[in-house]
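Take a look at the structure set out below.
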Amino acid sequence: MIVDISEGNTNNFLVHGVFGILISFAILSIHFLLAIPTLIISIALFSTTNGLQIDTEQKTYKKYASFLNYKFGDWKPLGKIDFIKLVLSIERAKTNQAYIMGERGTSKSMTYDIVLIDEKRNSILLYEFLKYRHGLKAFEALEKTFGIKGQDKIAEKVQQNANSKRR
């Protein structure tokens, strides 16, 4: 059984689409019919989605980008997995560029990561999801595939916070 976790449109090909539209307008000055295919492909890039597929029977996975309903990506073996974790990853970065009124910018990136621990105790980052529900779906599929109980660090933290508020 293949479990498909689509993150939807994550705008990974936004720059490509915008660049393609600009090229289409440049080609338009040369010939109208040459610009149409470039424009169609560029607009289609805005609908590209990303995700993860897990084949629970073959124990393989595929990180994919979906373009016009075709999923691009290679199937890879999951190997011998001893433990599975779902963790919250927060990365912060400061930029030196002034954005508005001379203020420096900071960015914060939150992802829900599936981390696999193999038989040699190596940590393997399988996928970084933008939404917890997608990470949880992958986590549960992997638990079922390998028949092991993993650790959902996010659910544990939520429960810990709820318990501390009750006191």
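With axes computed from alpha carbons, what is the tilt in degrees of helix 32-45 against the longest principal axis of the chain, rounded to the nearest 10 within 0 to 90?
Tilt relative to the chain: about 10 degrees.
Cα to Cα, under 21 Å, and not fewer than 8 places away if on the same chain: which lysines meet these conditions relative to Lys165?
Excluding near neighbours in sequence, the set is Lys153, Lys157.
What nm value, rounded to one decimal, do you get for the distance between Phe46 and Arg166 when each label is placed 7 Å out toward the C-beta?
According to this spin-label approximation, the distance is 4.9 nm.
What's the angle, to the nearest 10 degrees (0 to 90), between helix 132-146's Cα axis and the longest principal axis of the chain?
60
For the chain, I need the span (max minus min coordinate) of the C-alpha atoms along each principal axis, in Å, sorted largest to smallest.
Between the extreme Cα coordinates on each principal axis of the chain lie 66, 50, 30 Å.
To make sure I understand the rule: partners must be lysines, Cα under 21 Å from the Cα of Lys59, and not fewer than 8 residues away in the same chain. Which ones qualify?
Lys71, Lys76, Lys80, Lys85, Lys120, Lys137, Lys144, Lys149
Karplus couplings for region 67-78 from phi (6.51 cos²θ - 1.76 cosθ + 1.60, θ = phi - 60°), rounded to Hz, Gly and Pro as x?
Going residue by residue, I get 10, 6, 6, 9, 9, 8, x, 10, 6, 10, x, 7 Hz, with x marking Gly and Pro.
Between Asp152 and residues 5 or more places away or on another chain, which pairs have amide H atoms under 5 Å apart, with H built 1.01 Å from N, and which residues are they?
Leu86
Ratio of region 14-91's C-alpha Rg to 2.2 N^0.38 Å, to two decimals?
On the way: Rg = 19.0 Å, N = 78, 2.2 N^0.38 = 11.5 Å.
Region 14-91 yields a ratio of 1.65.
How high is the FRET efficiency from Phe32 to Phe72, r the C-beta distance, R0 22 Å, rounded to 0.05?
Values: r = 30 Å, r/R0 = 1.38.
Efficiency for this residue pair is about 0.15.
Got a sec to turn the phi values of region 12-28 into Karplus ³J(HN,Hα) couplings, 6.51 cos²θ - 1.76 cosθ + 1.60 with θ = phi - 60°, whole Hz, x for Gly and Pro?
5, 10, 4, 4, 4, x, 5, 4, x, 5, 4, 5, 4, 5, 5, 5, 4
Which residues among region 108-143 fall inside the zone where the amide N is under 19 Å from a point 7 Å beyond the Cα of Asn9, along Cα→Cβ?
130-131
What percent of all Cα-Cα pairs in region 78-167 falls in each 10 Å bin, counting up from 0?
15, 35, 25, 16, 7, 1
Quick one: Met110, Met1, fewest Cβ neighbours within 10 Å first, how do they rank?
On the way: Met110 13, Met1 10.
Arranged by neighbour count, lowest to highest, Met110, Met1 become Met1, Met110.
Using amide H atoms built in the peptide plane, which far-off residues or other-chain residues are under 5 Å from Phe129 H to H?
Hits under the 5 Å cutoff: Tyr112, Asp113, Ile114.
Rule-based calculations on the coordinates, nothing more; no lab input. Keep in mind the model is a prediction, meaning the values are calculated, not measured. Ideal geometry is used to build each Cβ from the backbone, glycine not excepted, and the neighbour counts take in all protein chains shown.
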